[in-house]
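Accompanying notes for the structure given below.
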Amino acid sequence: MTDHHAAAPPAGAVPWKKDFALRLLADMVRIRRMEEKAAEMYGAGKIRGFLHLYIGEEATAVGALHALSPEDNIVATYREHGHALVRGMDMGAIMAEMYGKREGCAHGRGGSMHLFDKATRLFGGNAIVGGGLPLAVGLGLATKMQNEKRITACFFGDGAVAEGAFHESMNLAALWKLPVLFCCENNLFGMGTSIERAESQTDLCVKAASYNMPALKVDGMDIVAVHEVTKQAAQRVRVGEGPLFVEYQTYRFRAHSMFDAELYRQKAEVEEWKTRGPIHTFSARLKAGGKLSEEEFLAIDAAANSEVAAAVAFAEAGTWEPIEDLLKDLHTS
Amino acid sequence: MSRKLNYREAMREAMHEALTNDPRVFLMGEDVGMYGGTYAFSKGFLDEFGPERIRDTPLSELGFVGAGIGAALGGMRPIVEVMTVNFSLLALDQIVNSAATFRHMSGGQFSVPLVIRMTTGAGRQLAAQHSHSLEGWYAHIPGIKVLAPATIEDARGMLAPALADPDPVVIFEHAGLFNMEGELPDDWSVDISSAKVRRAGKDVAIITHGGSLPKALAAAEQLAAAGIDAEVLDLRVLRPLDTATIMASVAKCRRAVVVDEGWRTGSLAAEVMARIMENAFYELDAPVARVCSEEVPIPYARHMEEAALPQAEKIVAAVKGFFA
């Protein structure tokens, strides 16, 4: 078993206005509280199927998505609750979808792994590892052919890098200079297989560079770095420089899904990475810079908990899609 | 005034028309541009429509079929060409897991208006990695429509309604038909929902599609000489199957043989037979028969390839079995 030692926790001044910083902090807390509740409701039998928690990785989705525009396209994975929420989806619609209720964003057809939202241009959580990458290439192609300004941000994990879909998509996007931002969330494990046991080349930026694609590596636990790097990367993609690859180095604090005894990593390693937790380290930096008081943090947390309570109430009050609608929407007409 | 043209020209005209009429339509695939198309379906298109809309791809079936799905989600109307059905297996994940699922799985939010065209079938001594007939596999999948144009009229007419369809449509073009010539009537517009009787008869219904249609029609001529009046029904649309038209032929003829170039086990023929059992069992004078490919990888040597495939003689023999 390889040890993945954590670097020193993110530190230093936060170069943002207070309002903006607190908004991003609040989004991380909202994801955390929503997912803690989802895990609880899984235990209570309210949520079934697979449930993949993003806990520990919040800085990546929050920092990156706040660097994008509402008209941009988002393609995500099955670990996408946070992306959906930050993108602007209603927490109630997310929770109801996890419950399998008709009031969910996809009427309960997709569940946790398949959050879709046309309004915020979220083209799905995709549960085929690497499955979203070719779609992102096509969305980028459509954008380019229609002279639109939007870019497509495609999120995927380090596990997807071993798939053929990754290599075909990187090649096509670079060959055709498409406006796609490839956002690789490297949490060091594809399910239970560590990156050293899956990749002959563990420096993922080298792979991107082999497709003549600029590649940036960023500390995915440091929301300031995530946001600034993504902003810069998105701008380069938006002006037509072609695709760009960003590797967010992050870590999953919880199990892969709810069926995972975590035999593949040491508890000490997880604890070590928790010292780099994105919420408490960012809060500490804000406090040190006088941009956050304990009262303000508690207010943010209380607001998140209220939102979660309302989302759970919404899901609980939701209805089941009638069985007569089973075949509905198989085709458009 | 009808006019004479071959299958290749008919399909080429259909694509030309689509590209001319709708700026959202573009053609993407291996060697569709500079090479002019593997089977010359798109010869001259690159010069006329330019490299943005006639898009040569690398050998990345998974990548470019998935990109077609993404482009469709993004507002375009792509025609994605896959060189043969065997190569489409590299793209099957995107077709089955994305194109076919998105509309339903997103709760009706996202449609995928995509057309995928691919060559299918044997008969050209291309051996076991270029000759299979896997359209029955595709016909198994809810969320896509599956077409098999087998006439000049359908080659000319099926693409436009396929492109107008808001959901994914997969078109199978049998390689044995490409040089087939025929008359295109003035009104060649066709639907993509019904099966069609290609030869009316009363003694036996030969139910087939794609490259087996000419073989079925040839068999019907031989049977006519033997005093058996065969009806030939072209399924045309493999998903969803036009059950009503199948049952009408079966009820009229009381005997049916299903001809399918797919392998027998788990074949589309098996599905058609099951539907006949479910819907027309008491109309039958004999058990339904079928003529399928032998269950081997299609071999290269001509005599062995011919032996592996449905042929007019095998169809005639199967029908004569009803009257023995």
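The values are calculated or read from the model by the stated rules, or taken from the named source; none is laboratory data. Worth saying up front: this structure is predicted, and the values here are computed from it rather than measured. Because the Cβ atoms are built from the backbone with ideal geometry, glycine has one as well, and the counts that use them run over all protein chains shown. Areas reflect the complete protein model, heavy atoms only, side chains present, ligands, DNA and RNA absent. Shrake-Rupley method; radii C 1.70, N 1.55, O 1.52, S 1.80 Å.
From the list A:ALA76, A:ALA119, exactly one residue is outside any loop (DSSP other than H, G, I, E, B) and among the aliphatic types (A, V, I, L, M). Which is it?
Numbers: A:ALA119 fails: outside any loop (DSSP other than H, G, I, E, B).
Criteria check complete, one pass: A:ALA76.
Between a first residue in the stretch B:84-113 that is in the same structural domain as B:SER60 (by TED's automatic domain parsing) and a second residue that is basic (Lys, Arg) and open to solvent by less than 40 Å² (accessible area, probe 1.4 Å), which pairs have beta carbons less than 7 Å apart while being 6 or more apart in sequence or on different chains?
So the pair list comes out as B:PHE110/B:ARG103; B:SER111/B:ARG103; B:VAL112/B:ARG103.
Looking for whichever is among the hydrophobic types (A, V, I, L, M, F, W, C) and more than 13 Å from chain B (Cβ to nearest Cβ) here; the options are A:ILE47, A:ILE74. Which one fits?
Residue meeting the stated conditions: A:ILE47.
Please state which of the following conditions A:GLN146 fails to meet, knowing it meets all the rest: (1) polar (S, T, N, Q); (2) open to solvent by 20 Å² or more (accessible area, probe 1.4 Å); (3) more than 7 Å from every other protein chain (Cβ to nearest Cβ).
Going through the list (1) polar (S, T, N, Q); (2) open to solvent by 20 Å² or more (accessible area, probe 1.4 Å); (3) more than 7 Å from every other protein chain (Cβ to nearest Cβ), A:GLN146 breaks only (3).
Can you name the residue in the stretch A:78-120 that is within 10 Å of another protein chain (Cβ to nearest Cβ) and charged (D, E, K, R) and, of all such residues, is least open to solvent (accessible area, probe 1.4 Å)?
In this case the residue turns out to be A:GLU97.
Listed residues B:PRO166, B:PRO149; which is within 14 Å of another protein chain (Cβ to nearest Cβ) and either closer than 23 Å to B:ALA248 by Cα or touching a residue at least 12 places away in the same chain (Cβ under 8 Å) (or both)?
Result: B:PRO166 is the single residue among B:PRO166, B:PRO149 that is within 14 Å of another protein chain (Cβ to nearest Cβ) and either closer than 23 Å to B:ALA248 by Cα or touching a residue at least 12 places away in the same chain (Cβ under 8 Å) (or both).
What's the total number of residues in the stretch B:251-301 that are assigned to a strand (DSSP E or B) and open to solvent by 20 Å² or more (accessible area, probe 1.4 Å)?
3
Considering (1) under 30 Å from A:GLN266 (Cβ atoms); (2) within 13 Å of another protein chain (Cβ to nearest Cβ); (3) touching a residue at least 40 places away in the same chain (Cβ under 8 Å); (4) open to solvent by less than 30 Å² (accessible area, probe 1.4 Å), say which one A:ASN186 fails and leave the rest.
In the conditions (1) under 30 Å from A:GLN266 (Cβ atoms); (2) within 13 Å of another protein chain (Cβ to nearest Cβ); (3) touching a residue at least 40 places away in the same chain (Cβ under 8 Å); (4) open to solvent by less than 30 Å² (accessible area, probe 1.4 Å), A:ASN186 misses (2) alone.
Identify the single condition in (1) assigned to a helix (DSSP H, G or I); (2) open to solvent by less than 30 Å² (accessible area, probe 1.4 Å); (3) within 13 Å of chain B (Cβ to nearest Cβ) that A:ASN171 does not satisfy, given that it satisfies every other one.
Unmet condition: (2).
Kindly indicate whether B:ILE116 is within 14 Å of chain A (Cβ to nearest Cβ), in contact (Cβ under 8 Å) with a residue 12 or more places away in the chain, open to solvent by less than 10 Å² (accessible area, probe 1.4 Å) and outside any helix (DSSP H, G or I).
Yes, satisfied.
Kindly provide the set of residues from the stretch B:186-209 that are at pLDDT 95 or above and part of a loop (DSSP other than H, G, I, E, B), ordered by number.
B:VAL190, B:ASP191, B:ILE192, B:SER193, B:SER194, B:ALA195, B:ALA200, B:GLY201, B:LYS202, B:ASP203, B:HIS209
Determine whether the stretch B:210-224 contains at least one residue that is at positive phi and either open to solvent by 10 Å² or more (accessible area, probe 1.4 Å) or not in a loop (DSSP other than H, G, I, E, B) (or both).
Yes, the conditions are met somewhere in the stretch B:210-224.
Check whether at least one residue in the stretch A:46-60 is surrounded by 14 or more Cβ atoms within 10 Å (Cβ to Cβ), touching a Cys at 6+ places or on another chain (Cβ under 9 Å) and over 26 Å from A:ALA317 (Cβ atoms), and report yes or no.
The answer is yes; a qualifying residue exists.
Taking A:LEU133, is it within 12 Å of chain B (Cβ to nearest Cβ), more than 23 Å from A:ILE279 (Cβ to Cβ), open to solvent by less than 10 Å² (accessible area, probe 1.4 Å) and touching a helix residue (DSSP H, G or I) at 6+ places or on another chain (Cβ under 6 Å)?
Values: within 12 Å of chain B (Cβ to nearest Cβ): yes; more than 23 Å from A:ILE279 (Cβ to Cβ): yes; open to solvent by less than 10 Å² (accessible area, probe 1.4 Å): yes; touching a helix residue (DSSP H, G or I) at 6+ places or on another chain (Cβ under 6 Å): yes.
Yes, satisfied.
Might you check whether a residue that is charged (D, E, K, R) and within 8 Å of chain B (Cβ to nearest Cβ) occurs anywhere in the stretch A:157-168?
yes
Answer yes or no: is there a residue in the stretch A:287-294 that is surrounded by 14 or more Cβ atoms within 10 Å (Cβ to Cβ), outside any loop (DSSP other than H, G, I, E, B) and touching a helix residue (DSSP H, G or I) at 6+ places or on another chain (Cβ under 6 Å). Spell out how you get there, then give the answer.
Initially, the stretch A:287-294 is screened for residues surrounded by 14 or more Cβ atoms within 10 Å (Cβ to Cβ), giving A:287, A:289, A:291-292.
Imposing the further condition that a residue be outside any loop (DSSP other than H, G, I, E, B) reduces the set to A:287.
Checking which are touching a helix residue (DSSP H, G or I) at 6+ places or on another chain (Cβ under 6 Å) leaves us with none.
No, that holds for no residue.
Mind counting the residues in the stretch A:295-330 that are part of a loop (DSSP other than H, G, I, E, B) and either more than 14 Å from chain B (Cβ to nearest Cβ) or among the β-branched types (Val, Ile, Thr) (or both)? Steps first, please.
Initially, the stretch A:295-330 is screened for residues part of a loop (DSSP other than H, G, I, E, B), giving A:318-322, A:326-330.
Still in the running and either more than 14 Å from chain B (Cβ to nearest Cβ) or among the β-branched types (Val, Ile, Thr) (or both): A:319.
Summing the residues that are part of a loop (DSSP other than H, G, I, E, B) and either more than 14 Å from chain B (Cβ to nearest Cβ) or among the β-branched types (Val, Ile, Thr) (or both) in the stretch A:295-330 gives 1.
Exactly one of (1) surrounded by fewer than 22 Cβ atoms within 10 Å (Cβ to Cβ); (2) under 16 Å from A:ALA160 (Cα atoms); (3) more than 9 Å from chain B (Cβ to nearest Cβ) is unmet by A:ILE128. Its number?
Of (1) surrounded by fewer than 22 Cβ atoms within 10 Å (Cβ to Cβ); (2) under 16 Å from A:ALA160 (Cα atoms); (3) more than 9 Å from chain B (Cβ to nearest Cβ), only one is false for A:ILE128: (3).
Tell me which of these B:SER106 doesn't satisfy, since it passes every other one: (1) open to solvent by 10 Å² or more (accessible area, probe 1.4 Å); (2) closer than 30 Å to A:PHE116 by Cα.
(1)
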